[in-house]
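K.L.:
Starting off with a structure, shown below.
The values are calculated or read from the model by the stated rules, or taken from the named source; none is laboratory data. A quick note: this is a predicted structure, and the numbers were derived from the prediction, not measured. Note: ideal-geometry Cβ built from the backbone for every residue, glycine included; neighbour counts use all protein chains shown.
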Amino acid sequence: MNVGKLLVISTTLFSIQASAVVCEAQLQTQRGRSIQDFIGQGPTQSNACARAIRDCKIAQKELLSEGRNRKSECVVMSSTPGNGGVVTRPTRPSRPTVPTIPTRPIPPVNNGGYYGELGHLERTIATGGTQARRYAVEELKEYTSLKALVIAVKALSDSDYYVRVAAQKSVSVLKSDLDLSRMSVSVIHEMSALITSGSQSVRLEAVKIVGMVETAQGILTVIDSLSDSDYYVRVAAQKSLDMLIQSYDFDSEIRINLSTYSNLALTANTNIRKKSVQMIGKANILRALPTVIKANNDSDYYVRVEASKVLNNMMNDQEIHHLPHQVLNTIKNMYYGSAKNIRMAVVKVLGATKEYSARNVLFEALDDSDYYVRVAARNALNNM
């Protein structure tokens, strides 16, 4: 009796397995390139394909969370019944023909996986002939990843004009397809090395890319490029900084790294000093007042003008009446033995604080050697 039941159950399971439908789905890039294959199995075609698509959607979400393949899609490729006959097989998008044959063949697809293929392309770009390099660089745009973008940017310094043109096209496509803000830390890390050691075209593109990360963490990576030897790199750095300054975390970035920005405002290249003063002013950090006061005596006219604007804005802030004692004492001590512009700035700031303890310094400033400082001291005392 038990043997008979076992036979019936075994026969039923075999029948179900034999009649199950297998469905293949594929995660593809916007251009129809395969990223990953998925197999679903079920009693009906719709059930099997639903399982395959479900697994594909999970993988797609993982890629999106990494900022990769924002325009990827899940496509059903085929479904096969238990008897082995193919039910459907949509035609895959045809790949564009390549006019030239590489002098060194590219290894076949899926040899070593997604990043293995990128590694083969990278080696071809580094050691292949002109046509092979051009073909490999053109292929990079099919690999929507940060690694592919880095390889493409490096290829901008290739000795061959057409390879450089192909590299620029791949860079443009990858920048559009990648969500650089989701991988901002990795982007900043990868581009920082290219900004400092690459050729002019590589530095230029790396600076532009950092400007797209939408986080102020990229500022310190880009700001040194304001002193780059190339004019166009300096212009790109200025534009990137203007975008990064609008980031949601700008104020916190300046506060956390205030000592670094204060040093840049006083010791770096002229363009960097001016931009650093401007950013300190935009963040409106009053404990940076001593730095702004010193910048009023900068050797460069435009830095002094920017520092004067920032100082006036800070003095109009209501919080200036509640300066920390340490900052207030530092400012008072700056009056003694300093240049005329610094003394003038100190007197104006002390007057704006309306701090009673600042009166002693202002009384001494009434006898300052400079006429305008004496007038500013008198006005400050009258407003207290």
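K.L.:
Considering only segment 334-371, how many residues are closer than 16 Å to Asn296 by Cβ and either surrounded by 13 or more Cβ atoms within 10 Å (Cβ to Cβ) or touching a Ser or Thr at 6+ places or on another chain (Cβ under 9 Å) (or both)?
P.N.:
19
K.L.:
Out of Thr221, Thr267, report the one residue that is within 22 Å of Leu174 (Cα to Cα) and not acidic (Asp, Glu).
P.N.:
Details: Thr267 fails: within 22 Å of Leu174 (Cα to Cα).
None of the other options fit; the residue is Thr221.
K.L.:
Across segment 245-295, what is the total count of residues that are within 18 Å of Glu319 (Cβ to Cβ) and in a loop (DSSP other than H, G, I, E, B)?
P.N.:
Total satisfying the criteria: 2.
K.L.:
While we're looking at this one, here's another question. If you check Ile9 against the conditions, is it closer than 16 Å to Cys74 by Cβ and either modelled with pLDDT of 80 or more or β-branched (Val, Ile, Thr) (or both)?
P.N.:
So Ile9 fails the test.
K.L.:
Oh, and also: Give the residue that is nearest to Ser252 (Cα to Cα), with candidates limited to residues of segment 181-210 that are under 9 Å from the mean Cα position of the chain (by Cα) and surrounded by 23 or more Cβ atoms within 10 Å (Cβ to Cβ).
P.N.:
Only one residue fits best here, namely Val210.
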